[in-house]
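Here is the structure we will look at.
Please treat every number below as a calculation from the coordinates, not as lab data. The model shown is predicted, which means the values in this text are computed figures rather than measured ones. Cβ atoms come from the backbone with ideal geometry, glycine included; neighbour counts cover every protein chain shown.
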Amino acid sequence: MSRTRVTVLISGTGSNLAALLADSRRPDAAYEVVAVVADVDAPGLEHARRAGLPTAVVRLTDHPDRAAWDRALAAEVARHDPQLVVLAGFMRLVGAPLLEAHPGRLLNTHPALLPSFPGAHAVRDALAHGVKVTGATVIEVDAGVDTGRILAQRAVEVAEDDTEESLHERIKQVERELLPATVDTLARRLGATP
Ligand code: GAR
């Protein structure tokens, strides 16, 4: 069985990318990471470089407007011919060109139990609200802000003395298991489809 080709999009430290790369090295992994694309000079690109993978940075500021950036991002992703596209800490909304090129094949990991606390400050918002349980969610990306179909979810308890950082780190530990497991399950399903 050939392995499902995955392109990963990041903006940050890329610990979820590193987890995907490690998981994809299992002999029976159903997927392989074929490229990593960022919207900024993300430190996480180093994980991809060390793995010898092609990387690219598609900056919003290098394009005349948002629509041009959306097209450039979709074109860069398409160059690597992925069957799945995984947003792993990619901190921008993606536009129609990418969504339309990969219907049902775009995933995102989010540090909260959606539909609670969508958006860019999920951990801070959950803490401010005083929730006792939050978590991680993997969704299918749609045109909304974290509104896509929920594929996987896991809870994380909030401790009395949690800061945004300490809570986010415990959520990321969960994401680093949940995201690769979800990608592998989907890749297996894609591989089984004639
Ligand atoms: C992860 O917690 C991910 O869920 C979050 O960014 C972090 C990236 O960490 N994404 C969002 O908040 C998207 N709205 P990483 O760079 O160490 O993988």
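General observations
- With respect to the stated conditions, Val94 fails to be away from the ligand (no atom under 14 Å from the Cβ), in contact (Cβ under 8 Å) with a residue 12 or more places away in the chain and aliphatic (A, V, I, L, M).
- Where helices (runs of 4 or more DSSP H) fall wholly inside segment 90-194, no range has 3 or more residues that are among the hydroxyl-bearing types (Ser, Thr, Tyr) and more than 19 Å from the chain's Cα centre (by Cα).
- Residue check, Thr4 within 17 Å of Leu87 (Cα to Cα), within 16 Å of the ligand (Cβ to nearest atom) and of a type in the set (Ser, Thr, Tyr): no
- Screening the candidates Glu164, Glu175 for the property of being buried (at least 21 other Cβ atoms within 10 Å of the Cβ), in contact with a helix residue (DSSP H, G or I) (Cβ under 8 Å, 6 or more places away or on another chain) and of a type in the set (Asp, Glu) yields one hit, Glu175.
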